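Have a look at the structure below before the remarks.
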Amino acid sequence: MSDRDEHVGVAPMLPGYQWIRHLRSGGFADVYLCRQEMPSRDVAVKIARLDRGAEAQGDIAREADVMALVSGHPAVVQLYGAGTAQDGRSFLVMEYCPVANIMDQVRQKPMSTDRALSMIIRMCGGAEMLHRVGFVHRDIKPSNIMVNAYGSPVLTDFGVAEHVGTDPRSGRDGFSVMWAPPEQIAGTARIHPTQDVWALGATLWTLLMGRPPFEVPDGDNTARAVAQRAASGRVSRIDRPGVPDAVTAIVRRAMSLDPEERFGSAAALGYALQTVERDMHRPVTEMKLSVVAPTGGPPLALSIPTPALLDSERTRTRRRGFSEGEQASSNEAWSGNSTTNRRGVVDSESKRPAWVIPVLVVVGVLATAALVVAMLTGGGHSVRLGAGEGPSVEATTEQWVDRTACGDARLSATTGGSRSTRAGESRPKR
């Protein structure tokens, strides 16, 4: 296939694929709709732009590696293959999604509450799995969520994904100002999953309101103006019928200025939104998660490097060199999370010390034993059995324990008076 469009670059010549039309363009690549000959199907081919040079070739290759880590996830666009065209450009072959830009739809008509919650819960699952293999997407937004042929939303465009803990000065720094957290815009924090948590919250706000949270209708929406509003931390209430106030509270927490105050993971955000679905008596959306091997990558650092330059509203990259890091792989089958007995909190967020539960158990056992002893011994006083008919038998607390305890166990919990027999009465033989 071969074609040319001076605005988007040169369409690739790939044996076995028939060029149909241009779909979209990004900072360093173009995406085309093609017909694959075998198997016969429509696919999306993303290929590096010739005018971007060798760096674009490396970007495509790195994106393929990142996508391969999570491509089997149902909330991530499927990667079919990758390679190099005859002209030397790297390319990806992905599933074709008929609905390519959610943002265009929600600007015309905001999404229903049920659909928006379900979509973001699914995205939380995909983002969480990306984080577990050691990467952060860094550009989650409505236009990077597509709907595939089966009507399922999928996360796309991993072109600026980076290792967790990377200093933004040393890697590829790219984002979209409308949905990026302030520390990512300013370049004042190492790359961390909580940056994707902010973007997920901002995307949910957008789906429900039909515009980004810091966009002002008919106002100044330049990159700098939006960045200043985002840095203020004032997230407006989601003011529309049918949206519970709990949704606004969850979005505001996800978009906290302090990364430490946000949900600690994408999964925790998903669990909180599942709670809203339960409270609304709606079906709970399944969030696909899987246990993966440790990544061995950088720690989840939130240390602060020097500030970076402000980017534009579109996703662009800032090149400062990049040190390759070890990439982890996922080898577990995807499985759904437990959607029962979840109240929006994950185990990792619990602040209860580990010793509290064992201590409570021991205290409970001792209290129960004391209650039983008190009931059997009349609260520590002598109990006369069979009065008036033959010798009387008394059982003190100490005597009861002697008869029932194992071996050397003795309990000295009675008063001095209860330790001896009454005057004129004999102690029963053991």
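We did not get these values from a lab; they are worked out from the coordinates using the rules stated. Computed from a predicted structure; not experimentally measured. Quick reminder, even Gly has a Cβ in these numbers, built from the backbone with ideal geometry, and neighbours come from all protein chains shown.
Worth a mention:
- Three-way shape label, the stretch 78-166, alpha-carbon gyration tensor, a/c 1.5: oblate
- Farthest toward positive dipole pole in the stretch 136-294 [+1 Lys/Arg, -1 Asp/Glu at C-beta], among T194, L257, P217: P217
- Highest-first arrangement of 104-117, 204-217, 176-189, where packing means the average Cβ count within 10 Å: 176-189, 204-217, 104-117
- Along the stretch 253-262 the Karplus relation, 6.51 cos²θ - 1.76 cosθ + 1.60 evaluated at θ = phi - 60°, assigns HN-Hα couplings of 5, 4, 9, 5, 5, 7, x, 5, 8, 6 Hz to successive residues, with x for each Gly and Pro.
- Oblate is the label for the stretch 124-217, because the ratio a/c of its alpha-carbon gyration tensor axes (a ≥ b ≥ c) is 1.5 or higher and a/b is not greater than b/c.
- Rounded to the nearest 20, the Cβ-based charge dipole of the stretch 192-272 about its Cα centre (Lys and Arg +1, Asp and Glu -1) stands at 80 debye.
- Distance (nanometres) between label positions extended 7 Å along Cα→Cβ at V99 and A374: 6.4 nm
- Global form of the stretch 167-294, assessed from the alpha-carbon gyration tensor, a/c cut-off 1.5: oblate
- For the pair the stretch 181-220 / the stretch 22-98, the C-alpha centres are spaced 26 Å from each other.
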